[in-house]
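Engineer: Dumping the structure here so I can ask a few things about it.
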Amino acid sequence: MSSAQVTDSTFKHEVLESEVPVLVDFWAPWCGPCRMVAPVVDEISEQYEGQIKVVKVNTDENPSVASQYGIRSIPTLMIFKGGQRVDMVVGAVPKTTLANTLEKYL
Amino acid sequence: MTSLTKPTQASDKSLEIMRNFAQSYAKRTGTYFCSDPGVTAVVIEGLAKHKDDLGAPLCPCRHYEDKEAEVKATFWNCPCVPMQERKECHCMLFLTPDNPFAGDQQDIGFETIRTETNKY
């Protein structure tokens, strides 16, 4: 299962107002490591189904939200809880790294 | 669902220029392409697309407030300053041999690149 795409206009509702923690994958179309981390993000989405929400933001198409959160290097994986950014990891990280970071906010 | 819109590929001309650059730069710096050719292909396509759109191969693994201004600043034009100074390529195009993701190739075919990037 692939995660839903979120846009500049839906970010507030889908991420900031979410009842559960949200993992946001900031990616761009021709970014190699983004392609590498995408299946890891999808696995995480399945593993924590019901506990977290997982969404993706195409930074080329949604520059406002990417700039608002100071996205520079991509992929950047950001965790939001209660409308606040609580953590992030940058680059194509292994699944265990991402899972360990997430576990802190469940 | 991956993306709603299929990403636009670069021109064949720019892709060939960037493919040749990547091969010669890897050999010159003793670095290797990723063991997953999909990563290499996507990055070369991204560099070539930026060359088409902006006139310079701006790194496709960064988000910029203003791409035109970044091209003029040159820091993130490939090969970027971190690569030139410390062989750091966070795009994973040029990997030092000790990197666990490094493969044993310094060449990639034009058709291999398009076979990979046609998937998206």
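Engineer: Which one, A:THR96, A:THR76, A:THR59, has the greatest fluctuation when you compute a Gaussian network model over chain A with C-alpha springs under 10 angstrom?
Structural biologist: Maximum among the listed residues: A:THR96.
Engineer: Hey, which lysines would be in cross-link range of B:LYS49, C-alpha to C-alpha under 19 Å, not counting anything within fewer than 8 residues on its own chain?
Structural biologist: Hits, sequence-local ones excluded: B:LYS6, B:LYS13, B:LYS67, B:LYS72, B:LYS119.
Engineer: Tell me, what is the Rg over Rh of the stretch A:4-103, with Rh the Kirkwood radius over Cα pairs?
Structural biologist: 0.92
Engineer: Check the protein assembly as shown for me: any Cys whose beta-carbon has no other cysteine beta-carbon within less than 4.7 Å?
Structural biologist: Cysteines lacking a close Cβ partner in the protein assembly as shown: B:CYS34, B:CYS59, B:CYS78, B:CYS80, B:CYS89.
Engineer: Quickly rank A:29-41, A:82-94 as a protection proxy: mean count of other C-beta atoms within 10 Å, highest first.
Structural biologist: Highest mean packing first, the order is A:29-41, A:82-94.
Engineer: Right, another one. Mind checking the mean number of beta-carbon atoms from other chains within 10 Å of the Cβ atoms in B:40-47?
Structural biologist: 4
Engineer: Rounded to the nearest 500, what is chain B's calculated 222 nm mean residue ellipticity when only DSSP H runs of at least 4 contribute -39500 (n - 2.57) each, over all residues?
Structural biologist: One gets -14500 deg cm²/dmol as the mean residue ellipticity at 222 nm.
Engineer: Could you tell me the total accessible area buried at the B-A interface, probe 1.4 Å, in square angstrom to the nearest hundred?
Structural biologist: 2100 Å²
Engineer: Placing unit charges on C-beta atoms (Lys and Arg positive, Asp and Glu negative, everything else neutral), compute the dipole magnitude of the protein assembly as shown about its Cα centre in debye, rounded to 20.
Structural biologist: 400 debye
Engineer: For B:GLU16, what is the net charge nearby, where nearby means another residue's Cβ is under 13 Å from its Cβ and Lys, Arg count +1, Asp, Glu -1?
Structural biologist: Combined, the nearby Lys, Arg, Asp and Glu give 0.
Engineer: Of all DSSP beta bridges located in chain A, what percent are antiparallel, nearest 5?
Structural biologist: Given both bridge residues lie in chain A, the antiparallel proportion sits at roughly 55 percent.
Engineer: Now a separate question. If you put +1 on each Lys and Arg Cβ and -1 on each Asp and Glu Cβ, how big is the dipole of the stretch A:4-103 around its Cα centre, in Debye rounded to 20?
Structural biologist: 280 debye
Engineer: Let me ask something additional. Excluding same-chain residues fewer than 8 positions from A:LYS12, which lysines have a Cα within less than 21 Å of its Cα?
Structural biologist: Result set, ordered by chain and number: A:LYS53, A:LYS56, A:LYS81.
Engineer: Within a 10 angstrom radius of each residue's Cβ in A:52-61, how many Cβ atoms of other chains show up on average? Whole number is fine.
Structural biologist: Across A:52-61, the average partner-chain Cβ count within 10 Å equals 2.
Engineer: At what distance in nm do the modelled label points of B:SER24 and B:SER11 sit from each other, each positioned 7 Å from its Cα along Cα→Cβ?
Structural biologist: Placing both labels 7 Å beyond Cα along the Cβ direction yields 1.9 nm.
Engineer: Oh, and also: Let me confirm one metric for peptide A:21-32, namely the mean number of other chain beta-carbon atoms within 10 Å of its residues' beta-carbons.
Structural biologist: Mean partner shielding for this stretch: 6.
Engineer: Rounded to the nearest 20 Debye, what is the dipole magnitude of the stretch B:26-120 about its Cα centre when Lys and Arg each give +1 and Asp and Glu each give -1 at the C-beta?
Structural biologist: Around 160 debye, computed over the stretch B:26-120.
Engineer: Say each of B:ARG114 and A:ARG85 gets a label point 7 Å from the Cα, pointing the same way as Cα to Cβ; how far apart are those two points in nm?
Structural biologist: Simple spin-label model gives 4.0 nm for this pair.
Engineer: Now for a different question. How much length is gained if the chain between A:ARG72 and A:THR7 is pulled fully straight, taking 0.36 nm per residue apart and subtracting their Cα-Cα distance, in nm to one decimal?
Structural biologist: Using 0.36 nm per residue and subtracting the Cα-Cα distance, I get 21.6 nm.
Engineer: Rank A:SER9, A:GLN51, B:THR112 by how far each Cα sits towards the positive end of the charge dipole of the protein assembly as shown (+1 on Lys, Arg Cβ; -1 on Asp, Glu Cβ) and give me just the farthest.
Structural biologist: Farthest along the dipole direction, towards plus: B:THR112.
Engineer: How big is the protein assembly as shown by Rg and Dmax over its Cα atoms, in Å?
Structural biologist: Cα radius of gyration and Dmax of the protein assembly as shown are 17.4, 52 Å respectively.
Engineer: Mind listing P(r) for chain B? All alpha-carbon pairs, 5 Å bins, whole percents.
Structural biologist: 2, 12, 23, 24, 21, 13, 5, 1
The values are calculated or read from the model by the stated rules, or taken from the named source; none is laboratory data. Note that the structure is predicted; figures quoted are calculated from it, not measured. Every residue, glycine as well, gets a Cβ built from its backbone with ideal geometry; the counts of neighbours run over all protein chains shown. In case anyone asks, the SASA skips ligands and DNA or RNA and just uses the protein heavy atoms, side chains included. Shrake-Rupley method; radii C 1.70, N 1.55, O 1.52, S 1.80 Å.
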